[in-house]
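For reference, the structure discussed in these notes is given below.
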Amino acid sequence: QVQLVESGGGLVQPGGSLRLSCQFSGRIFLLYDIDWRRQAPGKQRELVADITSGGRTNYADSVKGRFTISRDNAKNTVYLQMNSLKPEDTGVYYCHTIDGGRPYWGQGTQVTVSS
């Protein structure tokens with residue numbers, strides 16, 4: 001079955017950058033659409049960015065121009081490059097996909113933007 005493992009979170013000052021990675025295993029990676037979602041304390045989980053199997057991308061309005069999602073099919077990995085980070089970007093970031101109608105989530109990685 002699908003397994004997703006996120007990494008790359010941490011503490012960063014406002015205006016800083018982080019790159020998150022999502023390692024995929026268990027199926028043929030290049031067939032899957034993958035997305036990044038985040039959950040801030042006391043808020044619902046929200047879509048940040050997604051990338052289709054063909055490489056088409058989509059972003060939440062709040063991150064357009066600052067975040068970039070990409071995939072490396074040779075490494076079975078999806079990346080989220082986050083620049084110009086703001087305190088409101090703080091939250092747990094999750095990698096997500098759907099296989100056979102069932103959602104799969106990674107364990108999440110914490111991103112904290114604070115001075």
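The values are calculated or read from the model by the stated rules, or taken from the named source; none is laboratory data. These numbers were taken from a predicted model, which means no experiment stands behind them. Using ideal geometry, Cβ is built from the backbone for each residue, glycine included, and neighbour counts are taken over all protein chains shown. Surface accessibility is based on the protein's heavy atoms, side chains included, excluding ligands, DNA and RNA. Shrake-Rupley method; radii C 1.70, N 1.55, O 1.52, S 1.80 Å.
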| request: Return the pairs, sorted by first residue and then second, in which the second residue is of a type in the set (Lys, Arg) and open to solvent by 50 Å² or more (accessible area, probe 1.4 Å), the first residue lies in segment 70-83 and is modelled with pLDDT of 95 or more, the beta carbons are less than 9 Å apart, and the residues are 6+ apart or on different chains. | output: Tyr79/Arg19; Leu80/Arg19; Gln81/Arg19; Met82/Arg19
| field | Single condition Gly108 does not satisfy, out of (1) in contact with an Asp or Glu (Cβ under 9 Å, 6 or more places away or on another chain); (2) surrounded by fewer than 14 Cβ atoms within 10 Å (Cβ to Cβ) | value | (2)
| task | Scan segment 1-11 residue by residue and report those that are open to solvent by 20 Å² or more (accessible area, probe 1.4 Å), part of a strand (DSSP E or B) and closer than 24 Å to Pro87 by Cβ. | result | Ser7, Gly10, Leu11
